[in-house]
Structure formats: C-alpha cells, structure tokens
1. On full extension of the chain, what length is gained from B:Asp284 through B:Ala254, given 0.36 nm per residue of separation minus the C-alpha to C-alpha distance?
2. From other protein chains only, count the Cβ atoms within 10 Å of every residue's Cβ in A:333-340, then give the mean.
3. How crowded by other chains is B:269-282, given as the mean number of beta carbons from other chains within 10 Å of each beta carbon?
4. Among B:Ile7, B:Tyr82, B:Ser136, whose Cα lies farthest out toward the positive end of the dipole of the protein assembly as shown, if unit charges sit on the beta carbon of Lys, Arg (+1) and Asp, Glu (-1)?
5. Can you tell me the FRET efficiency between A:Ala14 and A:Ser298 if r is taken as the Cβ-Cβ distance and R0 is 41 Å, rounded to the nearest 0.05?
6. Hey, how many Å between the Cα centroid of the range A:319-361 and the Cα centroid of the range B:331-362?
7. Reported to two decimal places, what Rg/Rh ratio describes the range A:347-413 when computed on Cα atoms with Rh from the Kirkwood expression?
8. Below 9 angstrom from the Cβ of B:Ala196, what's the summed charge of the other residues (Lys, Arg +1; Asp, Glu -1)?
Amino acid sequence: MTELHNLTVTEARAALDAGDITAVALTEALLARIAALEPTIHAFLAVTGEQALAQARAADAARGQPGNGPMHGIPIAIKDVLCTEGVPTTCGSRILEGFTPPYDATVVARLKQGGAVLLGKVNCDEFAMGSSTENSAYGVTTNPWDTSRVPGGSSGGSAAAVAARQAPASLGTDTGGSIRLPAAFCGISGIKPTYGRVSRYGLVAYGSSLDQIGPMAWTVADLAMVLQVIAGHDQLDSTSMTTPVPDYRAALTGDIRGLRVGVPQEYFVEGMEPGVEHAVRTAIQTLRDMGAELVEVSLPHTRYALPTYYIIAPAEASANLARYDGVRFGPRVPGDSMWEEIERTRGTLFGAEVRRRIMLGTYALSAGYYDAYYKRAQQVRTLIRRDFQTVFEQVDVLAAPTAPTVAFPIGQKMDDPLAMYLTDVCTLPINLAGVPGLVVPCGFSANLPVGLQLIGKPFDESTLLRVGEAYQRQTDWHTRRPGI
Amino acid sequence: MKYITTIGLEVHAQVRTASKMFDGCSADYAGKAPNTSVSVVSMALPGSLPVANQRAIELAALTGLAINCTVNHHSVFSRKSYPYPDLPKGYQITQFDEPLCSEGWIEVSSESGETRRIGIERLHIEEDTGRLVHASDDSSLIDYNRSGVPLMEIVSKPDINSPEEARRYFQKLRQILLWIGVNSGNMEEGALRCDANVSVRPEGQVQFGTKVEIKNMNSFRAVERALVYEVQRQTSLLEAGGTIAQETRGWNDAKGVTEGQRSKEGSHDYRYFPEPDLPPLVFDDAWVSARRAELPELPDARRARFERDYGLSYQDADLLTIERPVADYYEAAVAAAQSVGGSARDVANWVTGELFRLLNDTGEDYSRMAERMLPQHIASVIELLAKGSINRTVAKQVFEESFASGGDPAQIVADKGLTQISDSGALAALAREVLANNPKAVEEYRKGKTSAVQFLVGQVMRATKGQANPQTAREVLEAELNV
C-alpha cells in the first residue's frame, strides 16, 4: 500500500470505510510529514496536532455510523483567514498576532460536525491580498515543485500543503483568484464556488462582495466531497443563498458528450507563456475529443476587469480593515494618546501591500472621487457580469487559462505591484461576475504545473465538477507529484 | 432688522427589540455590567457578519407610517466610515441614499392650539455605537453593550420656525414613538436623542443662513433653551456685522451656552458605500399593508374622536391622549361608568383632576395608572355619587383611599361607614343640638338673615364628619328654625 500521506481524499475515504486504515494512523502520518517538510515548505502557521489526534480518535470511534459525511475522519488544513475557535487566526498579519477567535467559521464548524480532522492553519498573503504568499508577515511558503518559486497566492499555504502531501485537502479563499492561481501553480485542483454558495461567516473579510471559500485537493472528486460538507445556506451570512445543494458526487458521470464549451478569446492574453498556452489549448482539445462541442466566444469587457477589481476590492477592504486598531484584539503599539496608539498600531503592524490597498480603497471612496471610481467600477462590474450572462446563453461552461505564466521565482515581482496584479488577469473577472471557477492540472511548462480554468453558470458547480472529473478520467496530470 | 429662524431636527430613537440590529445578542443593556451584552458581531471580531433584525425593520416601517412617510419598496444599507473606538467596525451600518422611509409629516400644535405641519425628510435604520468613558487616570474605557442596538434616525425638513416649535415637534414625535411602542422615550438613558440644525437670516433674504449643528441636548427643556441661545447668538453676530461659521456646537446645560466643538479631522468624509454584507431591503405592497395593519389609532385621531364622541373639550381630550395607556385607561373607565349610568365627561373630570393629581403627588408613571386604580373603581365612585350614597366631599376621600389601597370604593364606604346620612329623622336630633349650641346664628336667621343657615349646615356637616346630605341637613334645620 501507498504511504498514507500520499492518499487522496477519495482514496483515504475508501481505505477508512474498508477498515484498511484508521483516521489516527492517517493523521499521525500527515503530522509526521508536516514536521519533516515544514523547514522546506513552510505551509503551516499553526499545527494543531493534539486536537487533530483527538478528532481522529473520535472519528475512528464513530466509524461506520450512519450519517457520517464524506469527510468523516479525513484530515484537512485551513487557510489562516478562517476563524477557528481556540486556535490562533492571524490572516498572515502582525496585526492579528496571537489573536485566538472565540468561535468557528461556519465552514470550520461544518467540517468539525462532519467528523473531519483539522490539521492546522496554513499560510497566506496578509489578509489574502497577494498572488504569491510573499505578503505573509510570517514568511513565504515555497512551491513544492521548485522551492525557489512561489506557490501562488493568496492561498499559497493551502496549495503547497496539498502538493507537499502534508494534507490531502485544504480550504482556501478566493477574492480574485486566490484558490485557482495557487492550485494551478502547485499542480492541484481547486474550486471557487459561486458567490453565495458557501457561507462567509468567520472568513476574515477582504473584499466582501467577492470573497468565497472553496476546497483545494488533488482531484475533482476530492473537491466534490469537501464542497458537499461546506456548501449551503447559513443564517449567519445574509449573502449565502438558499439554493439547494445538489449531490456533487452524483454529478460525476464522466460523460460530457454534447456539452458546449466556450473558449473566450480574451483570456489568451498577450505575453502569455507559450508553454502555458499550449497546455491549456491541448486540454481544450481533449475536452472536444471527449465529445464536447467547442465554441469560440467573446467576453468583451474582460480587459476592464483588472482596474475594476482594483477599485472595488480595495474599497471594501478599506472599510473591512478599519476594525484593526489594537483596541479589542491583537497587539497594540504604545503611544502617548489613544489616537497615536491607533495610528502606530495600524502604521506598524499592517504590511506594505495591505497599506497600499487601504489607501487605494480610501481614495476611491472619497468625496469627489466616488462617482469617478467606485460608482463607475460598479457600473463596469455590471457589464462584466452581463458578458457572462450572455455567453452562458450559448455555452454550458467556459475553458480558459488560469494565469499567463507558471509559478515565478520568489522575489521576482515584489518590487512591481502592477506585474503582480497582472498574474490574476484571468481569474479576477470570475469573482466580479460571482460565477464559479474550477482549476484542474493540465500539463507542464518548463517542468512547472499549468492549470486549466473551467468557468460555470451561477450555482452550477455540478457541471463544472462533472467536466473536471471527466477530464481527470482521461488524463493523469492530477496524479503527478512533485519529487519532494 | 428682523431675522427669520430656520430649524431642522435629527432625532435618534432606539427601536425596542429583544435583540440587536445585526445579531441575536440582547439589546436590553440597561443596568448591565460593561461588556456583558456583547457578541462577536457587536464587538466586530474578525470574520463576523451582520444579519438584519427583521422586527427592527418592521417597527421602523411602522414608525414611518405613523409619521405619514412612504415606506420605500427598495432600500439599501450603507457603510458610513469614521474612526472612533466606540464604533468597533470603524464604520456604522446605516442607510444613505436609499432610506427605508421618506417624505412624511407630523402636526405640531402651538400653545393656542393652532397646528402646523412639519415635514419629515426621511426615516432610516442604523445601529447604535458603544460608549466611551474617560477615566480619571486619563485613560479611556469602552463599553460595547450599546453597540449594535437598533436605531432609527428621523430627519425633519427645515420647517421649524422657533425654538418652542422645535421643542413641541420633538415632544410630538416622542408621543407618537411611545404610542406605537417602538421606543421607551427615555432621554436620560439616551434611548431618544436629538440634534438640531439652526440658521437665521434677515427677513427678505431668500437663501438660508449658514447652518450650525447643535448637539448634546438631553431634555425638551434643553432643546428649547439651547436653540433660544443659539438663535440669539447668531442674530447678535449678524447684527454686529459678523459671519456665522458652519460648525458643530455642543450645548452646555450648566452654563446655558452652546460651545464650539473642536474636531480633530475637520469635516469628516464618511466614504459611504453600499453594505456588501447585506442585500437590499425589498418590500411589496402586501408587506407594507401588513405594517399598516399593525398601526393603532394615533394620538391626534384619538383626541379628535374623544372630542367628538365624548363631548370633551380640546384641552381635556389632549390631556387624555398624552400617552396611550392614559387614553386606554380613560376609555376603559368610560365603558365601566356608562354601564352604571355615569358619563364620559364625569370620567374625564375624575381622571384629569383627582387621578392626575394623585399620580403627580406620588410620582407615579402615567403608564402604571391602571395598576394604581382600576378603571372600574372610578366608575364605582361616580355611581356612589350619582345614587346619593356619598356626597362630593366623601367621594374625593374615597377616591384617594381607593388610589392608595387599591380597594373597591363601595367597600371603603361600607367599611368606614361613610354612607351619606339622608334620613331627616336621623339628622333632626343633631340639628336641634346645633341650633342649641349656636344661638347667635339662630338669632340672625330669625332677624331675617336667611344666609345664616349656611353656617348651621356647615356645623351639621362637621358633626357628621361630612357624611350628612347637605340638602337634607338644610331642610331639617329650616324646619326646626321655623317651628
């Protein structure tokens, strides 16, 4: 039998159900793997070994009971922007150093209730602002395929932990591509569900109208299992929808014959790495070979997505981050007066990128600028949303690249924020439209993984998962593992 | 030169709900230890999200209808950013360009009973802040119990012409809020607060003068005094050739002056934008109708009905509709009195006279009047009086005893033997005794000064401790005198 840390969620599920392994053994193997690889990968900000083992023991004790969900007894890592009761939640920021939430995010509560084993909290760009995980105040996470390179971001810890087989699955969050980009860079699968599909309660807000939580794992079947547990309406999040949650695994028929797949020309941007484009176009041909019908489509407002995103997300962030003043939680930098303390706390403990976005957003909302920036951006957002509505009248899903490049070297873009922002050019429009996006590994360019992005209709994660899983029946990219 | 005063009021009223505006934690913070009525939402912990309180929105809409506003079919929550530690999120969730209610009015009466309609610009819903307490050691303490309590802001149009009218507008608004049960009316605890915008301009000038905002007025009296002061201040400034600075001034009640408030950032830029965590509020006609169905008969309508149906004067009807429990009490007492032959006006006289006096003397809240004296007991006093069982003097005494003990007036009369003595036989001996003891008055009477009998009646009343029927006493005395 394969080493336990190499098991996918699907494999672990089968082995647990068959009684071949125990949750405790699986958890112990992963904790050992985490300990061994952390000096190299640095995916984790907190490892909750004792709690994980207790949860694993409880899962083993309850094994085989009716009503056990798909994640029962299966370990998972949680991005550090998700609140975990009694476990520090830092958002990769000094301003939340030592902050221990008194409550669980809804997704965390649902995983616990479903018998999952929580391994710990994983690294990310500070407050999920970034594309490389280099903006974490607690050090960069490395890419398991090439540790001199970034894992992508902002859910870099979530992606690297899976790719390094420290966890079979993880939760990430995605505001402009933060699940999909690191999934592509680390050669794993990841899905950003429709806005409103998964409760944001307990997700530390960055861009509230864009943020969404989603699973990351090796296979699409794995994603379906995690999504099944976390999706669905939550009374504590007024933006979560009551749309019923279908049986995602039942949707994995392997059959995509007759499916209309749109190929948006605008996503094959200028300057795209030839190896990336080749891998993506080859994957799209594979879909056709499997019986799908390809349709060239246009999303004409795509080029406005990046500037639109960089007004709306920072505007929301500027308000969302106003609460970090050192008064109620987190450390406080002393000063001579209340105001001086607050200014010093925020000025010292927020990182450069966070401060930049707070200033961008504050500016965009200021009197005299609101109409030209925020209001105009909302109008453009409506146009982008309509692009998708129109195109989804013609096709069932869209297939596109995830990013113009593969994982880049650590440090390469840290002095050039605009170059960093351009990394997300293919993922941002999906958040602005609120539609779901799935990434599956589709090949390599210069020995680094490339991800195919599949984009679906609102609340039609089932079709996305069906296409992705069918693709993984035909290909083996998702079975490739970094040598680490 | 004559100056025209223009005033607009912004009233903040807490909405009486069990839980806070955006989460399930208790909104009843009065008297609780600091930071014990809080939650992850009202403390704005990372990751917390607001969920709008349905009842608070219903009550705010009800209020809008009570002040003749339109309830908008589509309204939006917005974030209003300003940094202050009593505002834990760093922004307040409020409503900005699309409020819950718009365009209403209330009628305000002057001393002489003349009414004027004051326009309402808007009513919107928002959340209250925590409370910052400056400690003696120069540090600041924060209590978040109040943070997130539902709040309505009711903004008048600049239709108010005088400080007195401003006070009356605010009183009228409070009367309505209490009447429909959406607010406690408690100004000391800050459940009801008022800011004013005031400007003056020379008569003949069309354009409004520069507007000054006045804060920190914690009573009706303070509102009127502060505005009288401020109008005077602005007028004097203009008369001296000065200009009015657009600013916020605080009322200093002890000194009786308004004082400029130093603002750290100058004018705030609140950077309003739609709250992404809360979907817009969308209401159909049926929903608005359901709110309207919750609306009770309002004080003005009830006052008019009292005048019409019960033949009351404006003043009495106004007094009896000051608070809803008073009006309810009055009508319950009328029903009871009418069933035993009493009149609505008799009841009005007893309630506005004796009962209000006793409530005031004992410092009892008007809303508790039914607990102090059952409406049936007023009817009982009226009945005893009408049947001649007691006279007016005894009636007041019995009323007072009933108020004090809660006892049934008929029982009190029976227990204390207060029944009026109307039997001439029973009074005859007493009359003879009085005549014997007052030869001087008897002599005067016999000399033709018939008014002397009044004095003698008084002596009989005194001897019977007020229980004698004065008419019978007079008859008996006259009979004896004319023997």
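1. Values: separation 30, 0.36 × 30 = 10.80 nm, distance 4.96 nm.
Length gained, B:Asp284 through B:Ala254: 5.8 nm.
2. 2
3. Details: counts 7, 2, 14, 4, 12, 3, 5, 12, 9, 3, 3, 0, 0, 0.
Mean shielding by partner chains, rounded to a whole number: 5.
4. My answer, from the dipole projection, is B:Ile7.
5. On the way: r = 43 Å, r/R0 = 1.06.
So, using R0 = 41 Å, E works out to roughly 0.40.
6. 64 Å
7. Working: Rg = 18.0 Å, Rh = 15.8 Å.
Ratio of gyration radius to Kirkwood radius: 1.13.
8. Working: positive: B:Lys215; negative: B:Glu10, B:Asp195, B:Glu213, B:Glu230.
That works out to -3.
No value in this document is a laboratory result; all are computed from the given coordinates. Here the structure is a predicted model, which is why all the values come from computation and not from measurement. As a convention, Cβ positions derive from the backbone with ideal geometry for all residues, glycine included, and neighbour counts pool all protein chains shown.
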